[in-house]
Every structure is written in C-alpha cells, then in structure tokens.
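The values are calculated or read from the model by the stated rules, or taken from the named source; none is laboratory data. As the structure is a computational prediction, the values presented were derived from the model and not from experiment. In this analysis, Cβ positions are derived from the backbone assuming ideal geometry, glycine residues included, and neighbour counts consider all displayed protein chains. The accessibility values were calculated without ligands, DNA or RNA, using every heavy atom of the protein model including side chains. Shrake-Rupley method; radii C 1.70, N 1.55, O 1.52, S 1.80 Å.
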Amino acid sequence: LAESANPYLPMNITITSAQLGGADLETGDEIGIFDGNVCVGFGVVNGTIYKLNLLAIVASAQESSWPAGTGFTAGHTISYRFWDASAGTETSQVVATYLQGNEVFTTQGSAFISLTGGCPSAIYDCAGVCDGAAVVDDCGICGGQNASKDECGICGGDNSSCSGCLDN
C-alpha cells in the first residue's frame, strides 16, 4: 500500500456495519479491500461501526507507473478481509451487502456496504476451520488421527500397559 498516500482514480467504500461471528468489530480491528490477493485499501476500526460512526476506506486503482499489483483493476470483483486484532487472526470469509454501488471495482466510484464475516454455515471443525474436516480422535486430540495410541490401543501408552496384546 505504498501508493495509498496518493490514490489513483480511487473508489470510495463506506462501511455502515461490520460483524465477525455475530459480534461487532472492535477498535483496532482492520478491514482490508482486495482485488484477488492484492490489498488495495484498508481501514482501522475506531469504535462500533454504525450510522453515526461509518468507516470510509479509499481503494486505489492501478497506475501504470506503479509496480504491478499495487492497485485494483476496474471491473474486478471486490473482496474483503477482517483482521481481528484481539485474536490475531485474519478472516477472508466476509460477505458484503451492497446498500449502494456494486461488487466490482469502479474508478472514481463509490459503494455503501455492510459486512458480515465468519462461517456462513456456522459449522466449525475442532481446529476452528469453517466447514473443515478435522475431528477429535479417540485420545481427545483434534486432528490427531489416533497417532498417540500405542500398539495396544492405549492413548499415550508405551506398549507396556497391557499384557498379551502383542503376543501372537
């Protein structure tokens, strides 16, 4: 975002509300605006975002003299990411509801949106991954695949915890 101090043909995006997992974003959290994997603008939350405390973010278009990948390309789909400062995690599963404007980058355009982040299905695996496949094994370890069982089937065992188990 080195070029963001003087944005080129900017698009103004105004956030009217933003929630992660059903809770409002908090002071210090961040909202990033992306064209694919290129961050083209961001804003830092300062209090709950609502009609009296909107968050304005400016996204910069790609200028021909800048290094590639420093601005958006008009017509590309806009995506959003949240940075949860207290948890130290990024969420790319963010759904935008457009109150005005549309979901593609427009030079010198604007949009008013509300954002909801988290898992659309609300189904998380034991590792906290939305719609993930990790499960708790017989030993109570998330994603462990029973690797901590000894040959006798004892969690954390050392093969000495049962007699005759290995005899054939």
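Okay, here's what the table says:
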{"read-out": "Residue pairs meeting the criteria (Cβ under 8 Å; at least 6 apart or on separate chains; first aliphatic (A, V, I, L, M), in the range 23-39; second part of a loop (DSSP other than H, G, I, E, B) and open to solvent by less than 50 Å² (accessible area, probe 1.4 Å))", "value": "25/45; 25/49; 31/25; 31/45; 33/78; 38/69; 38/70; 38/71"}
{"read-out": "Yes/no for residue 108 being within 30 Å of residue 84 (Cβ to Cβ), part of a loop (DSSP other than H, G, I, E, B), open to solvent by 60 Å² or more (accessible area, probe 1.4 Å) and at pLDDT 80 or above", "value": "no"}
{"read-out": "From the options 91, 97, residue that is without any contact (Cβ under 8 Å) to a residue 24 or more places away in the chain and either touching a strand residue (DSSP E or B) at 6+ places or on another chain (Cβ under 9 Å) or not hydroxyl-bearing (Ser, Thr, Tyr) (or both)", "value": "97"}
{"read-out": "Hits in the range 52-87 - residues which are assigned to a loop (DSSP other than H, G, I, E, B), touching a strand residue (DSSP E or B) at 6+ places or on another chain (Cβ under 7 Å) and not small (Gly, Ala, Ser)", "value": "54, 62, 73, 76, 78"}
{"read-out": "Within the range 47-80, tally of residues that are within 22 Å of the chain's Cα centre (by Cα) and open to solvent by less than 50 Å² (accessible area, probe 1.4 Å)", "value": "13"}
{"read-out": "The range 88-105, residues that are closer than 28 Å to residue 63 by Cα, part of a loop (DSSP other than H, G, I, E, B) and open to solvent by less than 50 Å² (accessible area, probe 1.4 Å)", "value": "101, 105"}
{"read-out": "Considering residues of the range 111-147 that are in a loop (DSSP other than H, G, I, E, B) and in contact (Cβ under 8 Å) with a residue 24 or more places away in the chain only, the residue surrounded by the most Cβ atoms within 10 Å (Cβ to Cβ)", "value": "118"}
{"read-out": "Filter result for residue 42 (open to solvent by 70 Å² or more (accessible area, probe 1.4 Å) and assigned to a strand (DSSP E or B))", "value": "yes"}
{"read-out": "Selection status of residue 35, at pLDDT 95 or above and either of a type in the set (S, T, N, Q) or over 21 Å from residue 89 (Cβ atoms) (or both)", "value": "yes"}
{"read-out": "Residues of the range 20-41 classified as closer than 11 Å to residue 57 by Cβ and of a type in the set (Gly, Ala, Ser), total", "value": "2"}
